[in-house]
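Okay, so here's the structure we're looking at.
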Amino acid sequence: MRVIPTRVHGVLDYLMGLLVAASPWIFGFNDNGAETWVPVILGLGVIAYSLITAYELGVAKIIAMPFHLALDGAGGAVLAASPWIFGFNDDVWAPHLILGLLEIGAALMTRTRPEYNVNTTEDTDLGERSYA
């Protein structure tokens, strides 16, 4: 059931991207190994492809929302499995698993179409539309 609007997902994208990228320092596992760099790269990647997604908070509007959600799901799966893939599960695994599962959940629960045409800017209160 897709209950999360794309506008809300956009806010979550930027917040989650920052949280995932900063998680090694927030949770104290910044040892410059895979446990550090996997979330940093994936978190910054979320921010990068969010900037080019065709939704309310995208800047360049290049990639479609379903593709964005597929990237979220794939990135979440890699993040969740990374402690076992890269062999650092004896040191740290919970932040990677939890944040990865949250990414997958958000991808599965987010609507695939923005609520309005993202190629236009629209003032819903006045019904005015200007083409960007």
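Read-outs: derived from the displayed coordinates by stated rules, not from any lab. The structure presented is a predicted model; accordingly, all values stated were derived computationally and were not measured. A quick note on method: Cβ atoms are made from the backbone with ideal geometry, for glycine too, and the neighbour counts reach across all protein chains shown.
What does the chain give for Rg and for Dmax, in Å, if only its C-alpha atoms count?
Expressed in Å, the Cα Rg and Dmax of the chain come to 16.4, 57.
For helix 94-109, report the angle its Cα long axis makes with the longest principal axis of the Cα atoms of the chain; keep it between 0 and 90° and round to the nearest 10°.
That helix lies at roughly 20 degrees to the long axis.
Whose amide H sits under 5 Å from the amide H of Thr53, counting only residues 5 or more places off or on another chain, with H placed in the peptide plane?
Here the answer is Val59, Ala60, Lys61, Ile62, Ile63, since their amide H atoms fall under 5 Å of that of Thr53.
Per the helix-only calculation at 222 nm, which mean residue ellipticity applies to the chain, given -39500 (n - 2.57) for every DSSP H run of n ≥ 4 and division by its residues, nearest 500 deg cm²/dmol? Write down the numbers at each step before the final one.
Values: 4 runs with 76 residues, N = 132.
Result for the chain, helices only: -19500 deg cm²/dmol.
How much net charge surrounds Glu103 when only the other residues with a Cβ under 12 Å from the Cβ of Glu103 are counted, with Lys and Arg +1 and Asp and Glu -1?
On the way: positive: none; negative: Asp13, Asp72.
Residues close to Glu103 contribute a combined charge of -2.
If one takes the longest principal axis of the Cα atoms in the chain, at what angle in degrees, from 0 to 90 and to the nearest 10, does the Cα axis of helix 6-26 lie?
The helix 6-26 is inclined about 20 degrees to the chain.
Report, in whole Å, the centroid distance computed from the Cα atoms of the range 68-85 and the range 1-21.
Computed from Cα coordinates, the inter-centre distance equals 15 Å.
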